[in-house]
Amino acid sequence: MNLELLESFGQNYPEEADGTLDCISMALTCTFNRWGTLLAVGCNDGRIVIWDFLTRGIAKIISAHIHPVCSLCWSRDGHKLVSASTDNIVSLWDVLTGDCDQRFRFPSPILKVQFHPRDQNKVLVCPMKSAPVLLTLSDSKHVVLPVDDDLDLNVVAAFDRRGEYIYTGNAKGKILVLKTDTQDLVASFRVTTGTSNTTAIKSIEFARKGSCFLINTADRIIRVYDGREILTCGRDGEPEPMQKLQDLVNRTPWKRCCFSGDGEYIVAGSARQHALYIWEKSIGNLVKILHGTRGELLLDAAWHPVRPIIASISSGVVSIWAQNQVENWSAFAPDFKELDENVEYEERESEFDIEDEDKSEPEQTGADAAEDEEVDVTSVDPIAAFCSSDEELEDFKALLYLPISPEVEDPEENPFGPPPDAAPDDSSACPGGGDKKQRQPSAEGAPPKKKARTTTIELQGVPSDEVHPLLGVKGDGKSKKKTAGRPKGWKGKEKDSPFKARFLQGDRDLPLEGRGGGGGGGGGKGKEQAEKGQPDTGSLGPPAYKQHEVQGLD
């Protein structure tokens, strides 16, 4: 747990699989918060599942969208989460309450959303067939970023590490560097394949530390650049990449690329199979290939901000990759020795004497002198791993963990608790009533929650019939668009819903009181939670999903 000891002398990258996280729903995308304590996973049925990464348990489920979630990003302090779904909706969420603060409706599908690294009032959105859009949350205004070619609108964009500049790249390999505040062009260059041929830019990713960034291109080469050199070259510069990373044997195309937390390693996920390639940035050598289940396709990958851990998604399941932990007993005591065989112990002559006759009187220095000094036990030193290079203190308002109520197993069979059909007032042991005392003040004393404000973003010249890449090809009659997300008229029609939780089919014989949680008042509370868009996190079993599927979103 001591973050000061994380900088080991050995390799600092994962080596083997370390279990999976099953979100019940199909996982599509994932992202860590700034400290790596929470992992947000966007699912195929529109839910956002937030995992407590230290305990590997679900901390919260937000019923965010009706259609699949395709992109997620945390705010700097961890209190907000921005999400995009395949129905062109971008939503801003309060992580603690699970409420939607704002919604933005775009004319075309959203490929990526990203919070400004320092200013939580700005969000960068990359719609399909459109120039990137910079949203201002406080006044719901937007700015369309300038592009190099008005005819080429297959543009990707990303904030740099501190949000001072926005880097955009198009299908002709042209990179533009724009000042975030004024959208002025400060630098530009073209990515070429060695000759005059250009290659399309697929993604731009920045390291958390240092000034390096990588560009994933259609020619299956990952180029690593130094941001300071790009700014020095200015407009129409010709910077040389620090490294060119590729799979020369298999010519693998890359689905997802990112840096390690310390910026020393680069991981790239194959677009053909569930395989992760890890390179050392400084040398450019391939150090490890992590192979997942054969036949599965990789959807997303994220490197932990602090530790050598990677989360990857394939077939709807989040896989965790970590280092092999070897027990080192000498870490507990410096003079501790591990013995391979029995050794006869030789005691010192004065080892068991009450008083050591040969001991000389020590001088009043060292430990005895230090006893008179006052030890400071109140001030907290900032953890260097959590601070940026231009910061001296940590953000004490940051949201590192989510409060979670304990899960009660088999409440119907609990001999010490009230029966399942007890009155709602005595239902503290049931899943639906476990947090009734917590919800009561907000339901009765607090004002009713305001409905989230929806803003329609109008972009000129953008086609409105585009289909998100997750859903299939436009015009394909066999497209997944009909099956992804919840059906259009699904509200209240549970029996025809293809997204009914699988384990509910085997629970037909359970009494309704047991499933609703809290007896006669369970259904009412379930409706109240579903209308708020916040399932009961106190019991993440069948009750929460049953209520969600029946009642629906507001």
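Taking all protein chains as shown and a probe of 1.4 angstrom, PHE259 keeps an accessible surface of around 10 Å². The alpha carbons of the stretch 102-151 occupy a box of 31, 21, 18 Å along the principal axes, longest dimension given first.
Using 24 Å as the Cα-Cα cut-off, could you pick out the over-long pairs in LYS60/LYS141; LYS112/LYS397; LYS80/LYS202; LYS202/LYS397; LYS172/LYS255; LYS80/LYS451? With Cα atoms farther than 24 Å apart: LYS60/LYS141; LYS112/LYS397; LYS80/LYS202; LYS202/LYS397. The figure for THR232 is an accessible area of roughly 120 square angstrom, using a 1.4 Å probe on the protein chains alone. Could you tell me how far the Cα centroid of the stretch 22-63 sits from the Cα centroid of the stretch 215-241, in Å? Computed from Cα coordinates, the inter-centre distance equals 33 Å. Which shape class applies to the stretch 129-189: rounded if a/c is under 1.5, otherwise prolate when a/b exceeds b/c and oblate if not, where a ≥ b ≥ c are the square roots of the Cα gyration tensor eigenvalues? The shape class here is oblate. Annotation: per residue accessible area for the stretch 147-296 equals 44 Å², rounded to a whole number [probe 1.4 Å, protein chains only].
A simple count of charges around PHE206, restricted to other residues whose Cβ falls under 12 Å of its Cβ and scoring Lys, Arg +1 and Asp, Glu -1, yields 0.
Taking all protein chains as present, what is the carbon and sulfur share of the accessible area of the stretch 9-97, in % to the nearest whole number, probe 1.4 Å? Answer for the stretch 9-97 is 52 percent, counting heavy atoms of protein chains only. Rounded to the nearest 10 Å², what accessible area does TYR165 have for a 1.4 Å probe in the complete protein model? Here the accessible area works out near 40 Å².
Rolling a 1.4 Å probe over the protein heavy atoms of the stretch 252-302, with every protein chain left in place, gives an accessible area that is 46 percent carbon and sulfur. For the stretch 59-185, what ratio Rg/Rh do Cα atoms give with a Kirkwood hydrodynamic radius? With Rg and the Kirkwood Rh in hand, the quotient comes to 0.96.
The values are calculated or read from the model by the stated rules, or taken from the named source; none is laboratory data. None of these values were measured; they are calculated from a predicted model. Quick reminder, even Gly has a Cβ in these numbers, built from the backbone with ideal geometry, and neighbours come from all protein chains shown. The protein model used for the area step is the full one, side chains on, heavy atoms only, and it has no ligands, DNA or RNA in it. Shrake-Rupley method; radii C 1.70, N 1.55, O 1.52, S 1.80 Å.
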